[in-house]
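Q: Questions regarding the structure given below will be posed in turn.
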Amino acid sequence: MSPATIRLAPYGLGANLVAVQMEPPAPFPDMLRNAPLGRLVAVAGHLVEQYWGRYLAEHHGLTSAGMRVLFILSRTGDATHREVAEYCFVRPATLTGIVDTLERDGFVERRRDSADRRTVRLALTDQGHQHAQVLTDLIHGDPPLTSVDADPVKRAVIREFLIELILTTSDGEDGRLNPHQGSDETTPGSRPC
């Protein structure tokens, strides 16, 4: 055995070490090439979410959750705190901290509902509207993420795969994916973020 292929592995509780034949570590790209497709999708989703989170923080002073709140309020005009929490799939208590930050930074304002003073309504400020529009334009500009999806043919295949993956793993919850189709009945978490 060459020194590169020897690893001393402990067996039992004592200090008994046994030489074990091992392959040299695979370079990271080779590990990716051999990884199951589901794992690649999970890792890519995680890394893109982290990247997007850093971008939002550095360039817009927002978190991903804050961005979702801006988008929801951009679509609804204003909504109750509870409605926004449902749209974001979080509890109202979780949303409070997100809204506190958005309000502090001048993106959102809280207002008492004129019909029920116990109810708090959320609305975008002018600055919140501007940020929501800039982010909407950025997302809908749909620039290529890599050299692979810069190719329109490959991009179409990737899009088809991801759509099929989303539909297959959504457990038939069309309401989340197509909020304007089907029943008008509202259940917690039934609206898109």
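Q: When only DSSP loop residues count, what trypsin sites (Lys or Arg not before Pro) in region 26-118 have their Cβ near at most 14 other Cβ atoms within 10 Å?
A: ARG117, ARG118
Q: In addition: Could you pull out the chymotrypsin sites (Phe, Trp or Tyr not before Pro) across region 68-153 that fall in loop regions by DSSP (anything but H, G, I, E, B) with no more than 16 other Cβ atoms inside 10 Å?
A: Details: sites: PHE71, TYR87, PHE89, PHE107; in loops: PHE89, PHE107.
Qualifying residues, ordered by number: PHE89.
Q: Lys and Arg at +1, Asp and Glu at -1: add these up for the other residues within a Cβ distance under 14 Å of ARG159 and post the number.
A: Taking every Cβ under 14 Å from that of ARG159, the sum is -3.
Q: Given region 63-147, report the % of alpha carbon pairs whose separation exceeds 23 Å.
A: For region 63-147, the share of Cα pairs beyond 23 Å comes to 22 percent.
Quick note: the coordinates plus some simple rules give every number you see, no bench work behind them. If you're wondering where the values come from, they're calculated on a predicted model, not measured in any experiment. Note: ideal-geometry Cβ built from the backbone for every residue, glycine included; neighbour counts use all protein chains shown.
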